[in-house]
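Trainee: Below is the structure I would like to discuss, written out as structure tokens.
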Amino acid sequence: MNYKVTIGIPVYKAVDYIARTMESALSQTFASVEYLIVDDCGNDGTINIVERFQKEHPRGKDIRILYNKQNLGVGKTRNIILDQAQGEYLFFLDSDDILEPDAIEKMVRAARQCQAEVVYGSWIRVDNVHHSPTQHNHYPDLQLLGSDELAMYAFKNYSSFRISVCNALFSLNLIRSNQLRFFNTSYWEDLAFTYDLVPKVNRAVLLSDITYSYLCRPGSLSQYQNREIVQKKEIQANVLTIDYLKGKSLSYCDKNYFPYLCYNLEMNSFYIVCYVLQFNHKIEHTIEYKELRDYMRYPVSLSKLVHFKEKRIQCLTLWVIAHLPSFLFIISIRFFLLLLRSKRV
């Protein structure tokens with residue numbers, strides 16, 4: 001069949017959540033949807049629930065299930081979805097999250113009206129880790145229909161623009177023509193993909209309507225910070241992703257948004273270092289101070305930083321911290337941690 005939209009769902013150890021996720025996806029008011037499910041060998045019964053939907057649900061004929069021969073991780077599994085999707089548009093849905101019934105209908109309408117390559121919806125965040133209050137996160141209704149407009153908005157508003165591939169309707173032609181792929185890692189693969197994609201987008205729409213509920217749950221890959229024991233390799237995987245993006249960022253040196261891009265990437269490195277110093281007792285193998293300082297390497301030279309028109313002071317501050325002797329570097333990071341804690345009190 002020819003589908004307008006593919007909803008791609010990578011499935012791995014979500015047996016307690018997948019039924020609710022599938023019900024929300026299959027309840028979409030938009031008719032022309034392919035449901036592409038890829039089983040990544042979680043072996044907990046999740047895929048059996050999907051197979052039951054395929055057999056029993058009225059839209060079961062639109063469900064296509066692919067089976068990985070071995071566990072590949074979410075990055076490679078999403079690349080399979082990129083290759084196999086048959087829709088004009090692609091929407092990624094995590095196997096523990098929820099779609100609003102009219103989410104796809106609203107996004108397709110916006111894409112058609114504005115000839116948009118990407119449409120982002122607003123979302124709800126449900127915290128099942130700390131059980132904090134549910135957060136409603138609304139974008140402004142915004143059309144970004146010129147070259148670099150989305151990139152400037154996304155990198156300038158990093159704290160409010162959700163860096164995730166979920167809850168976005170993508171033109172498959174945009175993705176395939178630019179040969180965009182997910183970074184081969186199980187950590188922050190969506191961050192890398194989004195940073196690669198955003199500069200390629202010329203026409204984007206943001207919707208204030210809530211279209212997606214994002215669940216923070218114990219045990220998920222994105223919540224390793226909340227576990228009792230963390231593998232050092234997990235930290236290193238995040239660092240590897242940021243280093244990859246730092247290298248790629250050099251191709252955007254002449255863009256107005258480049259200072260924001262540099263600052264955001266360096267702040268990601270900074271927060272990794274803060275986490276290690278705060279929760280070093282959880283990490284299975286020691287991370288040396290020299291390693292931490294290396295995590296904060298800048299992709300550009302000091303001479304380039306001093307000419308930034310935006311974020312110059314912030315970028316220079318982080319550059320200086322990264323080049324301090326080890327003991328002063330650690331003191332500086334701990335000082336900033338104290339400041340962050342005092343602001344939360």
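The values are calculated or read from the model by the stated rules, or taken from the named source; none is laboratory data. Everything numeric in this text was worked out from a predicted model, so none of it was measured. Neighbour counts run over all protein chains shown; Cβ positions are idealised from the backbone, glycine included. Just so you know, the surface numbers come from the protein's heavy atoms only, side chains and all, with ligands and any DNA or RNA stripped out. Shrake-Rupley method; radii C 1.70, N 1.55, O 1.52, S 1.80 Å.
Trainee: Size of the dipole of the chain about the Cα centre, Lys and Arg at +1 and Asp and Glu at -1 on the beta carbon, nothing else charged, in debye to 20?
Mentor: Approximately 900 debye in magnitude.
Trainee: In the chain, what % of DSSP beta bridges are antiparallel (nearest 5)?
Mentor: 35 percent
Trainee: If you rank K69, K106 by how much accessible surface each has, with a 1.4 Å probe, what is the order from largest down?
Mentor: Ranked from most to least accessible, the order is K69, K106.
Trainee: Let me ask you something else. What percent do you get for the relative contact order of the range 193-345 when only Cα pairs under 8 Å and 6+ apart count?
Mentor: Averaging sequence separation for qualifying contacts and normalising by length gives 22 percent for the range 193-345.
Trainee: Right, here's the next one. Projecting each Cα onto the charge dipole of the range 1-109 (Lys/Arg +1, Asp/Glu -1 at the beta carbon, about the Cα centre), which of N2, A19, G42 comes out farthest on the positive side?
Mentor: Among N2, A19, G42, the one farthest towards the positive end of the dipole of the range 1-109 is N2.
Trainee: Please say if the range 48-201 is rounded, prolate or oblate, where rounded means a/c under 1.5 for a ≥ b ≥ c the square roots of the C-alpha gyration tensor eigenvalues, and otherwise the choice is prolate for a/b larger than b/c and oblate otherwise?
Mentor: Here the range 48-201 falls in the rounded category.
Trainee: Contour minus end-to-end for V320 and S32, with contour as 0.36 nm per residue of separation and end-to-end as the Cα-Cα distance?
Mentor: Going from the current span to full extension adds 98.3 nm.
Trainee: Right, another one. Let me check I've understood the local charge: for L36, count other residues with C-beta under 12 angstrom from its C-beta, Lys and Arg +1, Asp and Glu -1. What total comes out?
Mentor: Around L36, the charge tally is -2.
Trainee: Counting helices only, and only those DSSP H runs with n ≥ 4, report the 222 nm mean residue ellipticity of the chain as the sum of -39,500 (n - 2.57) divided by its residues, in deg cm²/dmol to the nearest 500.
Mentor: Rounded to the nearest 500, the figure is -13000 deg cm²/dmol.
Trainee: Shape call for the range 193-302 from the C-alpha gyration tensor, a ≥ b ≥ c root eigenvalues: rounded (a/c under 1.5), prolate (a/b greater than b/c) or oblate?
Mentor: Taking the square roots of the gyration eigenvalues as a ≥ b ≥ c, the range 193-302 is oblate.
Trainee: Also: Could you work out what % of the accessible surface of the chain is carbon and sulfur, using a 1.4 angstrom probe and leaving DNA, RNA and ligands out of the count?
Mentor: 51 percent
Trainee: Still on this model: Show the residues, 5+ positions off or on another chain, whose built amide H is closer than 5 Å to the amide H of V38.
Mentor: Hits under the 5 Å cutoff: I9, V11, L66.
Trainee: Next question, about the same structure. Expressed as a rounded percentage, what relative contact order does the chain have, with Cα pairs under 8 Å and six or more residues apart?
Mentor: Once divided by the residue count of the chain, the mean separation gives 16 percent.
Trainee: Go through C274, C41 and list them by solvent-accessible area, largest first, probe radius 1.4 Å.
Mentor: Ranked from most to least accessible, the order is C41, C274.
Trainee: Tell me the accessible surface of R181 in square angstrom (1.4 angstrom probe, heavy atoms of protein chains only), to the nearest ten.
Mentor: 100 Å²
Trainee: log10 I(q)/I(0), Debye, Cα-only the range 1-83, no solvent, q = 0.11 Å⁻¹?
Mentor: -0.26
Trainee: So how tilted is helix 232-249 from the main axis of the chain? Cα-based, degrees 0 to 90, rounded to 10.
Mentor: Once rounded, the angle reads 90 degrees.
Trainee: What accessible area per residue, rounded to a whole number of Å², is obtained for the chain using a probe radius of 1.4 Å?
Mentor: On a per-residue basis, the chain sits at 46 Å².
Trainee: I'd like the Karplus ³J(HN,Hα) series for the range 330-337: coefficients 6.51, -1.76, 1.60, θ = phi - 60°, whole numbers in Hz, and an x wherever there's a Gly or Pro.
Mentor: 5, 4, 4, 5, 5, 4, 5, 4
Trainee: Another question, then. Can you compute 3J(HN,Hα) from phi for each residue in the range 188-198, using the Karplus curve 6.51 cos²θ - 1.76 cosθ + 1.60 with θ = phi - 60°, rounded to whole Hz and x for Gly and Pro?
Mentor: 6, 5, 6, 4, 4, 5, 5, 5, 6, 7, 3
Trainee: Now for a separate question. Under 15 Å from the Cβ of N48, count the other residues' Cβ atoms, weight Lys and Arg +1, Asp and Glu -1, and hand me the total.
Mentor: In short, -3.
Trainee: A follow-up question, please. Rank these residues by their accessible area, most exposed first, probe 1.4 Å: M1, M296.
Mentor: Sorted by accessible area, descending: M1, M296.
Trainee: So, one more: Would you work out the relative contact order for the range 257-315, in percent, from Cα pairs under 8 angstrom that are 6 or more residues apart?
Mentor: 55 percent
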